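Some notes on the structure that comes next.
The values are calculated or read from the model by the stated rules, or taken from the named source; none is laboratory data. Predicted model, so just to flag it, every value in this text is computed and none were measured. Please note: Cβ atoms are built from the backbone with ideal geometry, for glycine as well, and neighbour counts cover all protein chains shown. The accessibility values were calculated without ligands, DNA or RNA, using every heavy atom of the protein model including side chains. Shrake-Rupley method; radii C 1.70, N 1.55, O 1.52, S 1.80 Å.
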Amino acid sequence: MSRPAALALLLCLAGPARAEEIFVSNERDNTVSVIDGDSLEVLRTFPVGRRPRGLTFSQDGRALYVCASDSDAVQVIDPDTGEVRHNLPSGEDPEQFALAPDGRTLFIANEENATTTVVDAQSRKVLAQIDVGIEPEGVAVSPDGRTAVTTSETTNMVHWIDTKSLAAVDATPVGQRPRFAAFTADGARLWASSEIGGTVSVIDVATRQVMRTIEFAVKGIAADRIQPVGIQLSKDGRHAFVALGPSDRVAVVDTATYAVESYILVGRRVWQLALNAAGTRLFATNGVSGDVTVIDAATFKPIKTVKVGRFPWGVASRPMTPAQAPDGRAAGAVP
C-alpha cells in the first residue's frame, strides 16, 4: 500500500473531522452546553443529572464525566449524542474530581461526608474512600500520577493522598475556604485558591509548605467580593489565570514573580476556567449572568460573550487528536 493510501485509511479509521468543542455545565438547568471552539456559538445542549458541577474528559475525548452533585453520581456521557452511558459510584454530593494520568482512576471530592472517593472508571468499582477535611471541594492529581490532593473548605487545608496506598499522608494549612487546586506541568508546585481568604497559595510539592501567598486588589471593588475560585495555568507555564468570583474579574498572575499583571472584566460571578487545546483562548463561566466569556490568552482581552444555560459552573475543552482536527490543522489551532 502506498503512503498516501495508508494515510487516507488511517484518517478514515479515525472518524470524521470535528471542530474543537468546549463543554459547560449549567447547574440550575441540569444541562451541559457545547460551544464550537471556532465560531464560538452554542452547538447543542443536552440534559444531565441534577446540579452538574465539575466535568472532565477521558484522554481520547470519547467519554465525558460529569459530577451530578444532587444525583450523587458521576455520569459517563457520550459527548457526541449527550446520551448517559452509565453512572459511576461517587459517594455523596460529588463536587469536583480529577482523572489520573493512567486514564482510568477518578479522585472525587464528596462534600457531605468529608471523603475523597477513588473510582476505577473502567471496572466501575470504588477502590477506596479516604477521610479528608470537612467539605472537600477541589481535586488535582500530579502529572506523574503519584500524588492526589483534595482541598477542604471548612478545615482550610490541602490534603495529600498517596495514589499507590490510597491513603492521606499529610495536610497543608492554607487560606479560608479553599476551592480549587492545580499542579504545574512539572509537578513542582501546587496552586490552591482560597475563596473567603481572598488569596492563592503556591505550595512547594517536595516540602508541602506554602512558599508564596498571592493577594488581589481590584480598584473600586470591595475586598470581600474578591473571592478566588477556579485556576487555569497557561500552556507555556508563564501565567496563572484566577477566577475571582463576585468581583467579576479574572486575574492574570506572572508565575515567575507572582505579580498580578492584569484584571480582566468578565460576566457576573465567574466560577471556572479552561483553555482550548492550543492555549490561545480562555473560557470563563459566569454563574449569575448565565454566560461564558471568551478571552484572548495572549492579549488578556475578552473576545466574545456566549450565552449558555442558568448558572454555568464547570468548563472543559474536549481533547482532539491531529487526525480529528479539521482542514489538517493541529488540534485546537485557531485560524
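The figures follow:
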quantity: Residue within the stretch 251-259 that is open to solvent by 40 Å² or more (accessible area, probe 1.4 Å), under 26 Å from THR154 (Cβ atoms) and either β-branched (Val, Ile, Thr) or touching a residue at least 40 places away in the same chain (Cβ under 8 Å) (or both) present; calculated: no
quantity: Within the stretch 212-247, considering residues that are on the phi > 0 side of the Ramachandran plot and assigned to a loop (DSSP other than H, G, I, E, B), the one most open to solvent (accessible area, probe 1.4 Å); calculated: GLY220
quantity: Residues satisfying the stated conditions in the stretch 41-54, i.e. in a strand (DSSP E or B), more than 16 Å from the chain's Cα centre (by Cα) and not hydroxyl-bearing (Ser, Thr, Tyr); calculated: VAL42, LEU43, ARG44, PHE46, PRO47
quantity: Residue in the stretch 63-86 that is touching a strand residue (DSSP E or B) at 6+ places or on another chain (Cβ under 6 Å) and basic (Lys, Arg) present; calculated: yes
quantity: GLN129 vs. criteria without any contact (Cβ under 8 Å) to a residue 40 or more places away in the chain and assigned to a loop (DSSP other than H, G, I, E, B); calculated: no
quantity: Residue count, the stretch 55-80 (criterion: part of a loop (DSSP other than H, G, I, E, B) and either open to solvent by less than 20 Å² (accessible area, probe 1.4 Å) or free of Cβ contacts under 8 Å to residues at least 12 places away in the same chain (or both)); calculated: 5
quantity: Residues (in a strand (DSSP E or B), closer than 18 Å to ILE231 by Cα and open to solvent by 40 Å² or more (accessible area, probe 1.4 Å)) located in the stretch 157-199; calculated: MET157, ARG189
quantity: 3 or more residues within 17 Å of the chain's Cα centre (by Cα) and modelled with pLDDT of 95 or more: qualifying strands (runs of 3 or more DSSP E) within the stretch 265-335; calculated: 270-275, 281-286, 291-296, 312-317
quantity: Test: ASP38 is part of a loop (DSSP other than H, G, I, E, B) and charged (D, E, K, R); calculated: yes
quantity: Enumeration of residues in the stretch 264-280 that are farther than 23 Å from GLU27 by Cβ and in contact (Cβ under 8 Å) with a residue 60 or more places away in the chain; calculated: ALA277
quantity: Pairs, first open to solvent by 60 Å² or more (accessible area, probe 1.4 Å) in the stretch 292-312, second assigned to a strand (DSSP E or B) and of a type in the set (Asp, Glu), C-beta under 8 Å, six or more apart; calculated: PRO302/ASP296; ILE303/ASP296; THR305/ASP291; LYS307/ASP291
quantity: Count of the stretch 155-192 residues which are of a type outside the set (D, E, K, R) and over 23 Å from ALA274 (Cα atoms); calculated: 18
quantity: Filter pass, GLU111 being closer than 21 Å to TRP313 by Cβ and either of a type in the set (D, E, K, R) or more than 20 Å from the chain's Cα centre (by Cα) (or both); calculated: yes
quantity: Number of positions in the stretch 83-121 that are at pLDDT below 95 and part of a loop (DSSP other than H, G, I, E, B); calculated: 9
